[in-house]
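Data block below; observations after.
Read-outs throughout are calculated quantities, based only on the coordinates presented, and are distinct from any laboratory measurement. Quick caveat: nothing in here was measured; it's all calculated off a predicted structure. All Cβ positions, even for glycine, are placed from backbone atoms using ideal geometry, and neighbour counts span all protein chains on display.
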Amino acid sequence: MDRSRISILGSTGSIGVNTLDVVAQLGGRDAFDIVAITGNSNVALLAEQARAFGARLAVTADEKQYAALKDALSGTGIEVAAGRAALVEAGQRPSDWVMAAIVGTAGLAPTVAAAERGADIALANKECLVSAGELFVNAVSDGGGKLIPVDSEHSAIFQSLEDDQRHAVERIVLTASGGPFRTFSREQMAGVTADVARAHPNWSMGLKISIGSASMFNKALEMIEAKHLFGVRPDQIEVIVHPQSVIHSMVGYTDGSVLAQLGCPDMRTAIGYALTYPDRPKLDVERLDFAKLARLDFEAPDEVRFPALRLAHTAMDRGGVQGAVMNAAEEIAFHAFCDKRIGFLQMADIAEQVMDEMVGYGTAITMDDVFAADTEARRRAAEAIAQKEMAA
Ligand code: NDP
Ligand code: MG
């Protein structure tokens, strides 16, 4: 399978940097034609990456950064662009494989653009599936490309799911590290700041997903992601807390067998698999040392301390645009938490409030319906946050 022409949406982020590391390990600019890379605020890194990998196009989402990016790449012959339309254009440029690693709903439009023209999509941006669900899956299949998960849990399931055994799948078991507050009471969580919440015990990741791991909102998004990726019912999706993050997730079959994928917590394994699938690349990553590891622990998740898990079920039961609503409201609440406008526990409160307010709000027949629900949920979340501030 020829995947030599590639684009990386969100190359300056945690997943983006790891993707370029994998690309470098597999031959770098001698083996790959880097069609487009994109970033937002970090134009210095974007320019450095574009030079190092000989990218043809570098795009910053932030129009105010255009001049700085242009300056940094002057004389290189690398094309430079800025703004949301330019991001979509980056997705549209012909390439075989696109890493979707922009954070949040901002990643949806450029990823859909890449899917519609038939690129294989390596999906890190779970928000695409949470918000647009079937519409997104259909955009990829109608385009003729493959949808290959990069989220470590979903990569593990993808690797443990034999195509000709799909009929025999009984359950999907998503593992969760439990994050930094695994043993905290609600009272203890009430007072934490973003700096404390972002310190993940096992994985080094971007800010949004780190906070989402602490609140288990990330796991809630992943439950919905799994439903759409693997076409399973919500009652077939289980979450188990596994603090060591060695088992990345599992598939249970009708004969009682459970297949799992294990590895050190390093996203490069899932990224490399998504790039070379169905082959496996040779990667310089740490190997598991079972004797040192000694034990693997498991705990049932607690939906009272981590209500996000309950909200995922609510969103799946209600269907329609509730995934988009939950995702958008939480994104706004996440920013408000980082800005110290609301407390840690209020993130889930805001998401739940907006989801309840928007029960029966429209359908998800077209992408525009999804974008409309997203916009409305953001507006309502901002309003709810302002009300909480006034009450405080
Ligand atoms: P980061 O915050 O590290 O990176 C996000 C990327 O998106 C950066 O390139 C950033 O640019 C860019 N970006 C930010 N805002 C915008 C915007 N408004 N428009 C366009 N681009 C923007 O995130 P991660 O790499 O951690 O996560 C990326 C995605 O992958 C998320 O959806 C996350 O859930 C998912 N994921 C991440 C994992 C991880 O290990 N990190 C694991 C599994 C999934 P800049 O930095 O230049 O501002
Ligand atoms: Mg994950």
(request) Mind listing the long-range amide H neighbours of residue 147? Cut-off is under 5 Å, sequence gap 5 or more, other chains count too, H placed in the peptide plane at 1.01 Å from N. (result) 121
(message) Show me, for region 280-297, the HN-Hα J-couplings you get by feeding each phi into the Karplus relation (A = 6.51, B = -1.76, C = 1.60, θ = phi - 60°), rounded to Hz, glycine and proline as x.
(response) 10, x, 9, 10, 8, 10, 4, 9, 5, 10, 5, 5, 5, 5, 6, 8, 10, 10
(message) Going by Cα centres, region 325-389 and region 26-74 are how many Å apart?
(response) 33 Å
(request) Using θ = phi - 60° and the Karplus relation 6.51 cos²θ - 1.76 cosθ + 1.60, list the HN-Hα couplings for region 72-80 in order, rounded to whole Hz, with x at every Gly or Pro. (result) 5, 10, 5, x, 8, x, 7, 6, 10
(request) Report the Stokes-Einstein translational diffusion coefficient (µm² s⁻¹, integer) for the chain, Rh taken as the Kirkwood radius over Cα pairs, at 4 °C with viscosity 1.567 mPa s. (result) 61 µm²/s
(message) Amide H of residue 33 versus every other amide H placed in the peptide plane: which residues, excluding those fewer than 5 positions away on the same chain, fall under 5 Å?
(response) 5, 6
(request) Kindly write out, for region 111-122 in residue order, the coupling ³J(HN,Hα) from the Karplus curve 6.51 cos²θ - 1.76 cosθ + 1.60 (θ = phi - 60°), rounded to whole Hz, with x marking Gly and Pro. (result) 6, 4, 4, 5, 5, 5, 8, x, 6, 6, 10, 8
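For the residues 9, 174, 73, what sequence is obtained by ranking on other C-beta atoms within 10 Å, fewest first? Intermediate values should be presented prior to the final figure.
Working: 9 32, 174 23, 73 20.
Placing the least packed residue first, the sequence is 73, 174, 9.
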(request) Taking a cut-off of 17 Å between Cα atoms, list the lysines near residue 219, but don't count ones fewer than 8 places away on the same chain. (result) 126, 208, 227
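Please rank 318, 287, 280, 186, fewest neighbouring Cβ atoms within 10 Å first, as an exposure proxy. Kindly include the intermediate steps, with their values, before the conclusion.
On the way: 318 17, 287 7, 280 11, 186 14.
Ascending Cβ contact count within 10 Å gives the list 287, 280, 186, 318.
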(request) Please build a GNM for the chain, connecting alpha carbons under 10 Å apart, and tell me which residue among 205, 216, 326 fluctuates the most. (result) 205
